[in-house]
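> Quick one: the structure is below, questions incoming.
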Amino acid sequence: MLNNEYREYDLIKLLHFKKFFAIMINVIEQQEGVSPDYGLTSFLFFKEEHMKTEKLWTKNFIIIIIINFFVFLNHLMILSTFPFFISYLGYSDSVSGLCATIFSLIAVICRPFIGWMLDNGKRKVILLIGLCGMALMPMGYLFVYTAFSSIILAIIFRMAHGCALACSNTSTSTIATDIIPHSRFSEGMGMLGMATALATAIAPSIGEILMQHSFYLLFFVATLIMIISLILFSILKTPTIPLTYKPLKIKELVEKNALPASCVVLVFLFTYGSLENYILKFVSKESMITLSGGLYFTIMAVMLFLTRILIGKVADQKGEAIFVYTCNICMLIALFLIAFIPNNITFLLSAALSGYAFGGIEPALQSMAVSIAPPQRRGAANSTFLCAYDMGIGLGGGIAGFLIDLTGYNHMFAIIAIANILSILIYMAIGRKHPSSLTYRLKMQNEKQA
């Protein structure tokens, strides 16, 4: 009992000493013209509490990253192999391109309404619906493959899959923005983006390997990984965000501050959509490339990891501009290499360049899209950005399929590369001085301090 009293007395003395010391430092800071927000006083009273609230790698953040990874793994394993499935059903690249466009169009139509529901607090409900849909749709493809060969039925299942994807990845992104601490926002979104980009890089390789065994195995594994996601979902806990019910208003379905980043990524992803949908078929027909098409995405995955590890915090320090410029240029070179001088060396170099390009630009622009959105508009901001994401890959696949039938694979890659130039021009026109641009905000901050 006595020891407890001594400890309490010592604690009171320590607190009084800390308060006295802080007051003295505050007087010195004011005399020296130091802002209390950045001085030692602020450090003494707030650093411990601040550090406790700035932990990024929580259990729930890790779970949402894994779920997001599995969502894109399911989606992209099927996306990259679907042209082969359409060929199996007896149709051309134009039809597979049309399927890619319809898939994305349905996702784009659904996303704004999903964003509205998310902003009304339906985060986990929407995620559950999406995960269930993504688990069921591969079984629909399996039905077409084994029991009833019908292109119409395949397209219907593809449309439902697009809606399920819109529910899943819009809600994972929104839940992630709720979980990530504000001071580490770009870093956290970069980690979420790395999971997306990693799935984008390795899913086609996995899909190709599974498809070579059978479409049955491909569709079964796609369903299995979503069952795992549902198990993870059962232990996911999300923070309580104070939200008020908002009636459905069409003009509020789109977050206008997310539009500059969304437009830039949309046009950039025309090029990526062509690679995702057709690089495997291109390699299977190109005699100068003797390597496996899946190796392209393996090299890409390595570059994605290196990009995130080595320069993942650059967006927080410098903003998104450096990624917009360098990533578009690298993707342009990557496409020109396989278009004009296809061989094993340029194939590998193209994979490395495109891996950096996608790994750098996607999380940087997603952070830009949601950076100034208030909590009650994060769902709309994420849905706006992901609408552009889906539309870019879908339209890129559709345009690429049309160009292949018209000009062949090599000319298609050369023509689609024009989108990289357009992406840079769009950023310069509407993005680089927009309030959502971290690069612009940092520049204004430095000018005020100077």
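> Tell me which of 411, 388, 364 sits at the most positive position along the dipole axis of the stretch 335-450, charges placed on C-beta atoms (Lys, Arg +1; Asp, Glu -1).
Of the candidates, 364 comes out farthest on the positive side.
> Where in the chain is the longest stretch that carries no trypsin sites (Lys or Arg not before Pro) classed as loop by DSSP and with at most 16 other Cβ atoms within 10 Å?
With a cap of 16 other Cβ atoms within 10 Å, the longest stretch comes to 56-236.
> Just want the answer: with Cβ charges of +1 for Lys and Arg and -1 for Asp and Glu, which residue in 167, 98, 121 is farthest toward the dipole's positive end in the chain?
In the chain, that residue is 121.
> For residue 162, what is the net charge nearby, where nearby means another residue's Cβ is under 14 Å from its Cβ and Lys, Arg count +1, Asp, Glu -1?
+1
> Right, here's the next one. Can you check what the net charge comes to around residue 404, using other residues whose Cβ is under 12 Å from the Cβ of residue 404 (Lys, Arg +1; Asp, Glu -1)?
Around residue 404, the surrounding residues sum to 0.
> Within the set 59/281; 55/256; 124/256, which residue pairs have Cα atoms separated by over 28 Å?
59/281; 55/256
> Given Cα pairs under 8 Å that are at least 6 residues apart, what percent is the relative contact order of the chain?
For the chain, the relative contact order is 24 percent.
> Related question: Just to confirm my numbers, what's the Cα centroid distance between the stretch 289-307 and the stretch 56-105 in Å?
18 Å
> For the stretch 209-286 and the stretch 415-450, compute the distance between their C-alpha centroids and round to whole Å.
When both Cα centres are located, 25 Å separates them.
> Given H placed on each backbone N at 1.01 Å, which residues far from residue 320 in sequence or on other chains put an amide H within less than 5 Å of it?
438, 439
> Additional query: Considering the options 294, 352, 440, tell which one lies farthest towards the positive end of the dipole of the chain, charges being +1 on Lys and Arg and -1 on Asp and Glu at the Cβ, about the Cα centre.
440
> Right, another one. Quick one: putting +1 on the C-beta of Lys and Arg, -1 on the C-beta of Asp and Glu, what dipole do you get for the chain around its Cα centre, in Debye to the nearest 20?
680 debye
> Something else about it: Of the chymotrypsin sites (Phe, Trp or Tyr not before Pro) in the stretch 214-264, which ones lie in a loop per DSSP and count no more than 15 other C-beta atoms within 10 Å?
Sites meeting the loop and neighbour criteria: 245.
> Sequence gap at least 6, Cα distance under 8 Å: using those rules, report the relative contact order of the stretch 56-180 to the nearest whole percent.
Answer for the stretch 56-180 is 39 percent.
Here, each number is a calculation from the coordinates, and none is a lab measurement. As the structure is a prediction and not an experimental result, all values here were calculated from the model. Because the Cβ atoms are built from the backbone with ideal geometry, glycine has one as well, and the counts that use them run over all protein chains shown.
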